[in-house]
1. In which sequence would SER122, SER23 go, from the one with the fewest C-beta neighbours within 10 Å to the one with the most?
2. Within a 10 angstrom radius of the beta carbon, how do PHE118, PHE22, PHE43 rank from fewest other beta carbons to most?
3. Tell me the label-point distance for the pair PHE118, VAL138, using the 7 Å Cα-to-Cβ offset, in nm and rounded to one decimal.
4. Calculate, for THR24 and LEU46, the FRET efficiency according to 1/(1 + (r/R0)^6) with r their C-beta to C-beta distance and R0 25 Å; round to the nearest 0.05.
5. Over the alpha-carbon set of segment 5-62, work out the extent along each principal axis and list the three values in angstrom, largest first.
6. What is the packing order of peptides 29-35, 76-82, taking the mean over residues of other C-beta atoms within 10 Å and listing the highest first?
7. Can you give the net charge of the other residues whose Cβ lies under 13 Å from the Cβ of PHE44, counting K and R as +1 and D and E as -1?
8. Quick check on packing: order 83-89, 9-15 by the mean number of other C-beta atoms within 10 Å, highest mean leading.
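Every read-out reported here was derived from the displayed coordinates using simple, explicitly stated rules and does not represent laboratory data. Just so it is clear, the model here is predicted, and its values are computed rather than measured. Cβ sites come from the backbone with ideal geometry, for glycine too, and all protein chains shown count toward neighbours.
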Amino acid sequence: MLGTWRWNVVFGLIGTVLTVAFSTQNNPVPVTLLRGMYAFIAFFVLAYAARAVLAYILRPPAAFAPEHAAQEEGRGTQLDMQTPEETDDLNELLKSQLQDGAMAQPSSGKPAKDAAEFRPLSPPQLLSAKNKQPEELVKAIRHLTGE
């Protein structure tokens, strides 16, 4: 168990002091002392229960289950991950590229490689502020800033 019986005595004394401090104003001295004694006994027993629970919680796993330690010795030291098989998707992609290349092949006899060369993407410009009036720009800025 965690700790010694001295912890129980300390908890019992704390319970006694609290009980005496709170019941002195409302009760006569003999009743206060009797309740202090009851509080000491109750806190002494509760400290045993608290220590037992703490000892159970804080017990090291190796002492808790030694038969499982040999099985779990290698766990967590190596990461085993696999990616799913994508052969069907890859085959479909390759087939579609071959078909696109065959259709894009010009009749002049150039190979399909030239037709399927990389062409950089040039999207249309979506917003231009070059030809805007200053009043429109001010309205847009006020709208965005919430003024």
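1. Taking fewest neighbouring Cβ atoms as first place, the list is SER122, SER23.
2. PHE118, PHE22, PHE43
3. A separation of 4.8 nm, rounded to one decimal place.
4. Computed FRET efficiency for THR24 and LEU46: 0.65.
5. Extents along the principal axes, in whole Å: 54, 15, 13.
6. 29-35, 76-82
7. Its environment carries a net charge of +2.
8. 9-15, 83-89
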